[in-house]
Amino acid sequence: MTRSGLPPRADDQSEVLILGTFPGKESLDSEEYYRNPTNQFWSIIFHVIDKDDPGGYEKRIESLLESHIALWDILKECERDGSADSAIKLNSQKPNDICLFVESKPSIKMICFNGTRPWKLFKKLLDGTCVEVLIDICETVPSSSAANTHNSLEDKKRKWKTAIESALGRNR
């Protein structure tokens, strides 16, 4: 069954856009990004912004936006069984219009890909001109998925913090 993704969580102050591939089943069912409790996203992001996790989805989103960070996904819709990116059916992938979105948010200084899969889809599915224009503001960080065992949680936190702080001009 083809499912549609979640809308972007951003405002006019957003400077970093974090792009995943497509929300997992739990996220889609609850309409909350990174709902799966095994995903390390929230632990990583609250380390990056040097805040305690306030708990509760809307409070988390509020903290992100206060820190000038936006969330969205490369795919607008797709078909897959389960939640793994590897289960996405190739012929079902429809991308979000990342180019138009970034154009509408001139404050964005960096697109931060949550793992290599969204980066590869960005290059493959979006207009070549757009990719060429935006490529200078793109950075890939280790996937926050617990399935990514190539990096420890501490390594993920350090790499995410370095990338995002450089975009935000912060050196803590």
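The values are calculated or read from the model by the stated rules, or taken from the named source; none is laboratory data. This is a predicted model, so every value here is computed, not measured. Positions of Cβ are backbone-derived with ideal geometry, glycine not excepted, and every protein chain shown enters the neighbour counts.
Structural remarks
- Neighbours by Cβ (under 6 Å, 6+ apart or cross-chain): first from the range 72-89, crowded, with 17+ Cβ neighbours inside 10 Å; second among the β-branched types (Val, Ile, Thr) and assigned to a loop (DSSP other than H, G, I, E, B): Ile74/Thr21; Asp85/Thr21
- For the range 90-110, the set of residues classified as more than 21 Å from Gly24 (Cβ to Cβ) and surrounded by 13 or more Cβ atoms within 10 Å (Cβ to Cβ) consists of Asp97, Cys99, Phe101, Val102, Glu103, Lys105, Ser107, Ile108, Lys109, Met110, listed by residue number.
- Each residue in the range 90-135 was checked for being part of a loop (DSSP other than H, G, I, E, B) and touching a Ser or Thr at 6+ places or on another chain (Cβ under 9 Å), and 4 of them qualify.
- Positions within the range 55-71 being surrounded by 13 or more Cβ atoms within 10 Å (Cβ to Cβ) and on the phi < 0 side of the Ramachandran plot, in sequence order: Tyr57, Arg60, Ile61, Glu62, Ser63, Leu64, Leu65, Ser67, Ile69, Ala70, Leu71
- Consider the range 8-48 and keep the residues that are free of Cβ contacts under 8 Å to residues at least 40 places away in the same chain and assigned to a loop (DSSP other than H, G, I, E, B). The one that is nearest to Trp160 (Cα to Cα) is Tyr33.
- Residue satisfying all of: in the range 1-25; among the charged types (D, E, K, R) and at pLDDT below 95; nearest to Thr140 (Cα to Cα) among these: Lys25
- Selection within the range 93-129 - more than 21 Å from Ser143 (Cβ to Cβ) and among the basic types (Lys, Arg): Lys94, Lys105, Lys109
- Output for the range 97-132, where each listed residue is farther than 21 Å from Phe22 by Cβ and without any contact (Cβ under 8 Å) to a residue 24 or more places away in the chain: Glu103, Ser104, Pro106, Gly128, Thr129, Glu132
Table: residues versus (1) crowded, with 18+ Cβ neighbours inside 10 Å; (2) of a type in the set (Val, Ile, Thr); (3) more than 20 Å from Thr116 (Cα to Cα).
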position: Met1; (1), (2), (3): no, no, yes
position: Gly5; (1), (2), (3): yes, no, no
position: Ala10; (1), (2), (3): yes, no, yes
position: Val16; (1), (2), (3): yes, yes, no
position: Gly20; (1), (2), (3): yes, no, no
position: Leu28; (1), (2), (3): no, no, yes
position: Tyr34; (1), (2), (3): yes, no, no
position: Phe41; (1), (2), (3): yes, no, no
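- Matching option when the condition is within 14 Å of the chain's Cα centre (by Cα) and β-branched (Val, Ile, Thr), among Ile98, Ile137: Ile98
- For Ser143, the test of being within 20 Å of Ala70 (Cα to Cα) and outside any helix (DSSP H, G or I) is passed.
- Residue in the range 150-162 that is under 16 Å from the mean Cα position of the chain (by Cα) and aliphatic (A, V, I, L, M) present: no
- Any hit, the range 125-138, residues being at pLDDT 95 or above, among the β-branched types (Val, Ile, Thr) and surrounded by 12 or more Cβ atoms within 10 Å (Cβ to Cβ): no
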